[in-house]
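Visitor: Can you read through this structure? Questions will come right after.
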């Protein structure tokens, strides 16, 4: 998947500026596609040049003029073509996983601290996703929203982000507990062993 597809999908929620898009990526899209604001602005320019989005200028009182973008028919066709292609599996590169892989040769207290930081980060994301899901549902319960909600795609991706972060949090907490038990067990490997 290219950034262009993530941008086109984000613009399906309606007309947005580059700033709006950056906020949307930070909140709802970052759980499956991360991009810096500069990357988003550059991608919007390419999409407009390629006719996949249309931009218009809006004058603002006391502020610079802003550009708002919408997906064009060609952009929708691009998304259709993208959706028809088979999805490739995702790959994770995570420095914390490398550290955990080397846990038997590292200071467990330092590693546990980093795992706790990751668990706290995951919990903050969990809280955010739960608020977003609640906001998307309005006054409906989840079952009704999943049956009758107008825009189900953002909701489903948010559910995936929630499940992902819950898994991260729970795994970090379990890894911390394992390290703590091994540190307290006679003969356990609680100290750093270097050769």
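The values are calculated or read from the model by the stated rules, or taken from the named source; none is laboratory data. Small disclaimer: the values here were computed from a predicted structure and weren't measured. FYI the Cβ positions are ideal-geometry reconstructions off the backbone, even for glycines, and counts take in every protein chain you see.
Visitor: Do we have residue 109 as assigned to a helix (DSSP H, G or I) and either touching a helix residue (DSSP H, G or I) at 6+ places or on another chain (Cβ under 9 Å) or at pLDDT 95 or above (or both) here?
Guide: yes
Visitor: Now for a separate question. Across region 1-26, which residue is nearest to residue 66 (Cα to Cα) among those that are modelled with pLDDT under 80 and in a helix (DSSP H, G or I)?
Guide: 24
Visitor: Being surrounded by fewer than 15 Cβ atoms within 10 Å (Cβ to Cβ) and at pLDDT below 95 narrows it down to one residue among 194, 182, 144; which is it?
Guide: None of the other options fit; the residue is 194.
Visitor: Moving to a separate point now. Applying the selection to region 134-150, what residues are more than 24 Å from the chain's Cα centre (by Cα) and outside any loop (DSSP other than H, G, I, E, B)?
Guide: Passing the criteria: 144, 147, 148.
Visitor: What helices (runs of 4 or more DSSP H), lying completely within region 27-104, carry at least 2 residues that are touching a strand residue (DSSP E or B) at 6+ places or on another chain (Cβ under 6 Å), assigned by TED's automatic domain parsing to the domain that holds residue 11 and at pLDDT 90 or above?
Guide: Because the criterion is at least 2 residues that are touching a strand residue (DSSP E or B) at 6+ places or on another chain (Cβ under 6 Å), assigned by TED's automatic domain parsing to the domain that holds residue 11 and at pLDDT 90 or above, the helices (runs of 4 or more DSSP H) in region 27-104 that meet it are 37-49.
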